[in-house]
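Asker: Shown below is the structure under consideration.
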Amino acid sequence: MKTYSFKQRFQYWFDNYMARGSGAMLTGLFVLSALIIFIAAALVKITNSAPEGVGFFGVAWMSLLRTLDSGTMGGDSGSPFFLFMMLIVTFGGVFVVSALIGIINNSIEDKMDELRKGRSQVLENDHTVILGWTPQVFTIISEIVLANESRKSGAVIVVLADEDKVEMEDAINERIPDTKNTKVICRSGSPIDLTDLEIASPHSARSIIVLAEGADPDTHVIKSVLAITNNPNRHAEPYHIVTQIRNPKNMDVVKMISAKDTVQPILTNELIARVVAQTSRQSGLSLVYTELMNFGGDEIYFKQEPALAGKSYGEALFAYEASTVMGIRKADGTVAMSPLVDTRIEAGDQIFALAEDDDKILLSGLSRIPLDEKLIQINKKTSGSKAERALILGWNRSAAIIIRELDNYVPKGSQVTVVADIEDLEHQLLLETGKLVNQKVTVQQGDIRNRELLEKLEAAEYDHVIVLAYSHLEPQEADAITLVTLLHLRDIAERDATPFSIVSEMLDLRNRELAEAAKVDDFIVSEHLISLMMAQLSENAELLGVFNDVFDPEGAEIYLKPIGDYVVTGQSINFYTVVEAARRRGETALGYRLINESHDSEKSYGIHTNPKKAEKITFTTDDKLIVIAEN
């Protein structure tokens, strides 16, 4: 066995002792100071060199004062040995105090670094936890801030992500300078690490939002959900978790690991694809969806109204002056959006309606509805359907689903042309779209920014043009390609007498303002729309059934139809009459779009949902009525 010298053993012990941290260092300094003081006092006492009348403890006290304040020595008098010992004590005190200041300074710096790292546990209850860091976080926070304005006691949002705490706080303050009565707390840590997860106190949160990030976002989401639902510290009550999944095959996995909890995964690719497909055929539809899902205007609320029990859904449509009934949620939880007008509302059922706030859903109490029968169009013929031509420029993970969704809406004989700068696109399209019933698809490879290519394609000859953002590129680069393409398309449209709709997908909401110069019919900021939906569900889990019904191609959907098909245009009319005109067709009127405001962002691009029914308005032939109807 190897032997070590006393010096080596002492150095090893000293290194281990100092490694214990500031507490050990302070203890060591205390012991060293005590040794210096008592050794000096003992030597002075033994040699009888202390001033007359001063005992051992008196010398010790004098030594202590000189240890703490070197200037105290200036007034000393006595024997040379006593003065020498006081000098030694003073030098020792200088060392001790200097070391003490250094230790305290380092401890403060370490604590500041720890605070900067955001590793302290959040001691909050009934808060919203956001796990992950993507551009979606800004929309989600801003929406939850609006939702929390009515909470008198305020609210708390905790963001836990594998990012620098200060950088996250700076980014949030820059994008959302006013969080009103909501406090936003950032912490650094991995959402899939059980120890880091505890920092955000998810077990006392009222809802948890898991953002999809990384190269494999679905795997990240599954691990994060697993870390919450199978946590050894979990509580017995179900967790309310909102998240997003891109691959439909992973939906079953999420359901398996969250059987005991309320986990609401949004299938993002299919949702965006449905929105793009529906919007390409109905200008302004994406704006309606945005109005329905943000907290800035009217929102969807559930209410049990005993006074409506036994009445029909058609009668309930006129029950509120400042709220718009959208459907019924049965006592068993099933949702029926815009059911048949003679559907009876039973005891225990709830209506769901658009309203400014839940306390604004008040019965009007009118005994007679003010209808103007002469302004209702009777048996107004609508134009028949004809084969459509659609042009898709660009490609991303939603494109194949968009084509499949379009196949549910277009008449037989319709055509879709896909142009993108993607290799082997035709083979990829064939694998992902499957067999189509109503459309024929042709594929062409090319740069969608090329003006000559767009001219050769005769873009103006198509009924609908859809510009998709390349998902394999960085968001800013992808949006830049989209912007250039849109400017070319708008110029082509202005020089052609045949109208065609242009729908564009953007990745960054901030680029929408730049794109408005192209005067595109609709912008679909995919991540923004998903963020709005996640924020709504985090505040009210019951909305999932409504949203599923809204975006489901089966059954009733939201449409923008010519207002002239329902009522006489050019004359002042109240919305009660418009509601009646839609009711007679088995539809629910939600609002209208004024075409002369379609490019005015301050007026929500002409979208007016949940108008007061008694107020009068004069429509033009180009205006649209927003209704819930069967296809």
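Asker: Once phi is turned into θ = phi - 60°, what whole-Hz ³J(HN,Hα) does the Karplus curve with 6.51, -1.76 and 1.60 give for every residue of segment 607-615, x standing for Gly and Pro?
Answerer: 7, 10, 9, 6, x, 5, 6, 7, 6
Asker: Separate question: What residue among L194, L391, Q282 has its Cα farthest toward the positive end of the dipole of the chain, where the charges are +1 on Lys, Arg and -1 on Asp, Glu, each on the Cβ?
Answerer: L194
Asker: Still on this model: Projected onto the charge dipole of the chain (+1 at Lys/Arg Cβ, -1 at Asp/Glu Cβ, origin at the Cα centre), which of I563, I595, I272 gives the Cα projection farthest towards the positive end?
Answerer: The residue sitting most towards the positive pole is I272.
Asker: Hey, can you grab everything whose amide H is under 5 Å from the amide H of L267? Only 5+ residues off in sequence or another chain; H modelled, so Pro and N-termini drop out.
Answerer: Correct list: I245.
Asker: Let me ask something additional. Sort 127-140, 245-258 by the packing proxy (mean of other Cβ within 10 Å over each peptide's residues), most packed first.
Answerer: Working: 127-140: 23.3, 245-258: 15.1.
Per-residue mean Cβ counts within 10 Å order the peptides as 127-140, 245-258.
Asker: Net charge around L371, counting only other residues with Cβ within less than 12 Å of its Cβ (Lys, Arg = +1; Asp, Glu = -1)?
Answerer: Values: positive: R368, K374, R583, R584, K613; negative: D372, E373, E580.
Result for the neighbourhood of L371: +2.
Asker: Return the long-range amide H neighbours of E163 (sequence gap of 5 or more, or a different chain), with a cut-off of under 5 Å between placed amide H atoms.
Answerer: G189
Asker: Can you say what percent of the DSSP beta bridges in the chain, counting only those with both residues inside, are antiparallel? Round to 5.
Answerer: Values: 34 of 81 bridges.
Of all bridge pairs located within the chain, approximately 40 percent are antiparallel.
Asker: Sorted from fewest to most neighbouring beta carbons within 10 Å, what does the list H599, H464, H608, H427 look like? Walk me through the numbers before you get to the answer.
Answerer: Details: H599 13, H464 23, H608 19, H427 10.
Ascending Cβ contact count within 10 Å gives the list H427, H599, H608, H464.
Asker: Can you give the relative contact order of segment 136-267 as a percent, counting alpha carbon pairs under 8 Å and 6+ residues apart? Please list the in-between numbers first.
Answerer: Numbers: 186 pairs, mean separation 25.5, N = 132.
Computed over segment 136-267, the figure is 19 percent.
Asker: Would you mind checking which residues have amide H under 5 Å from M326's amide H? H placed 1.01 Å from N; only 5 or more apart, or other chain.
Answerer: For M326, the qualifying residues are F352, A353, L354.
Asker: Suppose a student asked you for the relative contact order of the chain, using Cα pairs under 8 Å spaced at least 6 residues apart; what percent would you report?
Answerer: Working: 1142 pairs, mean separation 70.1, N = 631.
Once normalised by length, the contact order is 11 percent.
Asker: Rounded to the nearest 500 deg cm²/dmol, what is the calculated helix-only ellipticity per residue at 222 nm for the chain, with -39500 (n - 2.57) per DSSP H run of length n ≥ 4? Intermediate values should be presented prior to the final figure.
Answerer: On the way: 20 runs with 242 residues, N = 631.
Per the formula, -12000 deg cm²/dmol.
Asker: What percent does the relative contact order of segment 389-525 come to when contacts are Cα pairs within less than 8 Å and at least six residues apart? Numbers along the way, then the final one.
Answerer: On the way: 236 pairs, mean separation 34.0, N = 137.
For segment 389-525, the relative contact order is 25 percent.
Asker: Suppose every K and R has +1 on its Cβ and every D and E has -1 on its Cβ; what is the size of the dipole of the chain about the Cα centre, in Debye to the nearest 20?
Answerer: Details: 61 positive and 89 negative charges, 281 e Å.
The calculated dipole for the chain is roughly 1340 debye.
Asker: I've got another one for you. Which pairs, out of K180/K303; K374/K613; K303/K561; K386/K440, put more than 22 Å between their alpha-carbon atoms?
Answerer: Going by Cα-Cα distance, K180/K303; K303/K561 fall outside the 22 Å limit.
Asker: Assign one of three labels to segment 155-240, namely rounded, prolate or oblate, based on the Cα gyration tensor with a ≥ b ≥ c the square roots of its eigenvalues; rounded applies when a/c is under 1.5, prolate when it is not and a/b is larger than b/c, and oblate otherwise. Can you show the working numbers first?
Answerer: Values: a/c = 2.06, a/b = 1.38, b/c = 1.49.
Oblate, because a/c is 1.5 or more while a/b does not exceed b/c.
Asker: So for segment 231-356: antiparallel DSSP bridges make up what percent, rounded to the nearest 5? Intermediate results must be reported in sequence, preceding the final value.
Answerer: On the way: 14 of 20 bridges.
Close to 70 percent.
Asker: By the scheme Lys and Arg +1, Asp and Glu -1, what is the net charge of all other residues having a beta-carbon under 12 Å from that of L146? Could the numbers behind the result be given before it?
Answerer: Working: positive: R151, K180; negative: E143, E149, D178, E299, D357, E539.
With Lys, Arg at +1 and Asp, Glu at -1, the neighbours total -4.
Asker: Among K616, K7, which comes first, second and so on when ranked by fewest other beta-carbon atoms within 10 Å? Walk me through the numbers before you get to the answer.
Answerer: Working: K616 13, K7 8.
Ranked by crowding around the Cβ, least crowded first: K7, K616.
Asker: Using the Kyte-Doolittle scale, find the helices of the chain whose mean hydropathy is at least 0.5 and whose Cα atoms extend 15 Å or more along the helix's long axis, counting only whole DSSP H runs.
Answerer: On the way: long enough: 6-18 (18 Å, -1.20); 22-46 (36 Å, 2.20); 56-68 (18 Å, 1.35); 80-117 (55 Å, 0.99); 136-147 (17 Å, 1.82); 165-175 (16 Å, -1.23); 217-229 (18 Å, 0.66); 268-281 (20 Å, -0.10); 475-494 (28 Å, 0.28); 526-539 (20 Å, 0.39).
Those that pass (Cα extent of 15 Å or more, hydropathy at least 0.5) are 22-46, 56-68, 80-117, 136-147, 217-229.
Asker: Further question on the same structure: Residue farthest toward the positive end of the dipole of the chain, with Cβ of Lys/Arg at +1 and Asp/Glu at -1: which of Q536, F38, P475?
Answerer: Positive-most Cα among the choices belongs to F38.
Asker: Find how many whole Å separate the alpha carbon centroid of segment 459-486 from the alpha carbon centroid of segment 315-360.
Answerer: Each part's Cα centre sits 40 Å from the other's.
Asker: Using the Karplus curve 6.51 cos²θ - 1.76 cosθ + 1.60 with θ = phi - 60°, work out ³J(HN,Hα) for each residue of segment 346-352 in order, rounded to whole Hz, and write x for Gly and Pro.
Answerer: Going residue by residue, I get 9, 4, x, 6, 10, 8, 10 Hz, with x marking Gly and Pro.
Asker: Here is a further query. Return the loop-located GluC sites (Glu not before Pro) in segment 433-490 (DSSP other than H, G, I, E, B) with at most 13 other Cβ atoms within 10 Å of their own Cβ; answer none if there are none.
Answerer: Taking segment 433-490 and a limit of 13 other Cβ atoms within 10 Å, the loop GluC sites (Glu not before Pro) found are E458.
Asker: Still on this structure: Where does each of K624, K561 land when they are ranked from fewest to most other beta-carbon atoms within 10 angstrom?
Answerer: On the way: K624 26, K561 18.
Placing the least packed residue first, the sequence is K561, K624.
Asker: Mind putting a number on the dipole of segment 128-260 about its Cα centre? Charges go on the C-beta only, +1 for Lys and Arg and -1 for Asp and Glu, and I need it in Debye to the nearest 20. Intermediate results must be reported in sequence, preceding the final value.
Answerer: Values: 14 positive and 18 negative charges, 138 e Å.
In debye, rounded to 20, segment 128-260 gives about 660.
Any read-out appearing in this document is the output of simple, stated calculations on the displayed coordinates, not a laboratory observation. These numbers were taken from a predicted model, which means no experiment stands behind them. FYI the Cβ positions are ideal-geometry reconstructions off the backbone, even for glycines, and counts take in every protein chain you see.
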